[in-house]
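This report refers to the structure that appears directly beneath it.
The values are calculated or read from the model by the stated rules, or taken from the named source; none is laboratory data. Worth saying up front: this structure is predicted, and the values here are computed from it rather than measured. Cβ: placed from backbone, ideal geometry, glycine included. Neighbour counts: every protein chain shown. The protein model used for the area step is the full one, side chains on, heavy atoms only, and it has no ligands, DNA or RNA in it. Shrake-Rupley method; radii C 1.70, N 1.55, O 1.52, S 1.80 Å.
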Amino acid sequence: MTYPDTYYRRTLANAVERPTLSSSVDCDTVIIGGGLAGLTTALQLARAGHAVVVLEASSVGFGASGRNGGFVSPGFATGNDAIARAAGPDAARKLHHLSIEGVDFIRDTIRELGVADAKTQAGIMSVTRYDDGANLKAHAEHMRRDYGYELEFLGVDAVRNRLKSNRYFQALRDPKAFHMHPLNYLRALAAEIERLGGHIYENSQVLRCTLAGAQKLVSCRDGQVTARQIVFTTGGYTSSLVGKLDRAYLPIATYVMLTEEAPDLIREAIVTRDAIGDNRRAGDYYRLVEDGKRILWGGRITTRAASPAALAGELRREMTTTYPQLKDLKTELAWSGLMSYARHLMPQIGEMQPGVWHCTAFGGHGLNTTAIGGKVVAEGILGQSERYKLFKPFGLVWAGGIAGLATAQLTYWKLQAQDWWRERAA
């Protein structure tokens, strides 16, 4: 297996290795990319009796899908207002309902497949770093009224009873959202796809694609696949196979660290099993793992992959300034991962040309959106629905190349400055 050294790699439920493509294969649909979007698409197709092949350049879940924070909650990286401006209010409501459905899909799949090693834990708190109770209450009412979705408002005292930090003010708690071990979940999906007759090939990087005509041809070093449909579900590790797709996203790096085992010390700071995310644009996100023995803490973004060890120092400083009582808590491990972001901050989902589908740009959205993306693409291939067309206003627009990366970094610094100012003014 080719996984980087992460907490998830160290706590794998099984170490099954899958074969490399070494022959000519014919199928209904070939999927390029073995992350959450690709495996969800393959699962839904296999459940319908579709002959499906997944080609993964490394190992199942090698990319962001298998090394993220493990948060599963509704919503998108951009807000409902921005979505409504681009797609209209009715489409914005339908898209948000899809994101809720994505949460339910993952939860239901874990239950149906009995994936105990996903280690699900209910509850995610979104906390503010400045006094913003009125806006949080208004948002909770909006979600209840327009979506029938209940969020629990927590005042300052309730928040600080759970999180022993003066950095935090109010919060919205989502009891239906949850956090989990994403890599064990992904590998359970892979096993179910194979049980249903699908084929997954690892260490099978796609080198060439022929997309014109009714039959699509995909070539790897030692084999090839002929299919009637092809789905590109790569993310931050997308190669230049399809120029239009390659130009439509920015690879953005994020970072995660794992603390040493110190349950007594950790209890002095964090008295909840909820996952936590703050309200800054690129804020901290963290949760307790191993029954509260360690903290898995993520944050920071860069447009160039930096040293995880160096960024771990920044993450640790963020942790200890938020919780001074954790100043003696050591970092045991740190890693990074590349996410794919579109300029419009929405997933890119659709059919590029007849029989050629894309399902990517899930940076910042959480696992739910990746799952629902795979589900609606499978529905489109099977002729069951055209829900994928809800994402049409958010197409494969040029991301700006080098200039786009520079703009993204400048925007991040600007947002950091705005967050700093709000906190100091609170």
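Across the stretch 221-341 the C-alpha pair distances fall into 10 Å bins from zero in the proportions 12, 36, 24, 15, 10, 3 percent.
Phi angles across the stretch 384-397 convert, under the Karplus curve 6.51 cos²θ - 1.76 cosθ + 1.60 with θ = phi - 60°, into 3J(HN,Hα) values of 7, 6, 10, 5, 4, 5, 4, 8, 4, x, 10, x, 8, 6 Hz, Gly and Pro given as x. With the simple model of a label 7 Å out from the Cα in the direction of the Cβ, residue 293 to residue 47 spans 3.4 nm.
Filter the GluC sites (Glu not before Pro) in the stretch 115-184 to those in DSSP coil with at most 14 other Cβ atoms within 10 Å of their Cβ, and list the result. Don't jump to the answer; show the numbers that get you there.
Numbers: sites: 141, 150, 152; in loops: 150.
Counting only loop positions with at most 14 other Cβ atoms within 10 Å, the GluC sites (Glu not before Pro) in the stretch 115-184 are 150.
Would you mind telling me the share, in percent, of accessible area of the chain contributed by carbon and sulfur at probe 1.4 angstrom?
On the way: 8830 of 17590 Å².
Of all accessible area on the chain, carbon and sulfur atoms account for 50 percent.
Based on protein heavy atoms only, the stretch 279-385 ends up with 35 Å² per residue of surface accessible to a 1.4 Å probe. Counting only lysines at least 8 places from residue 392 when in the same chain, those with an alpha carbon closer than 26 Å to its own are 94, 216, 244, 375.
Compared with the dominant Cα axis of the chain, that is its longest principal axis, helix 367-382 is turned about 20°.
Against the chain, whose longest principal axis is taken from its Cα atoms, helix 89-113 shows a tilt of about 80°.
Projecting the alpha carbon convex hull of the stretch 156-226 along each direction and taking the average yields 9.9 nm².
When shorter helices are ignored and each DSSP H run of at least 4 residues is given -39500 (n - 2.57), the per-residue value for the chain at 222 nm works out to -11000 deg cm²/dmol.
Convex hull volume of the C-alpha atoms in the stretch 315-378, normalised per residue: 128 Å³. Heavy-atom accessible surface of residue 117, to the nearest 10 Å², is about 70 Å², with a 1.4 Å probe and all protein chains retained. Extension gain for residue 228-residue 131 works out to 29.4 nm (0.36 nm per residue, less the C-alpha to C-alpha distance). Among the listed values (1) 61, 45, 43; (2) 110, 81, 54; (3) 72, 48, 45, the one computed from these coordinates for Cα extents along the principal axes in Å is (1).
Subtracting the Cα-Cα distance of residue 166 and residue 111 from 0.36 nm times their residue separation leaves 16.0 nm of extension gain. Compared with the rule-of-thumb size 2.2 N^0.38 Å for a compact globular protein, the stretch 19-158 has a Cα radius of gyration ratio of 1.34.
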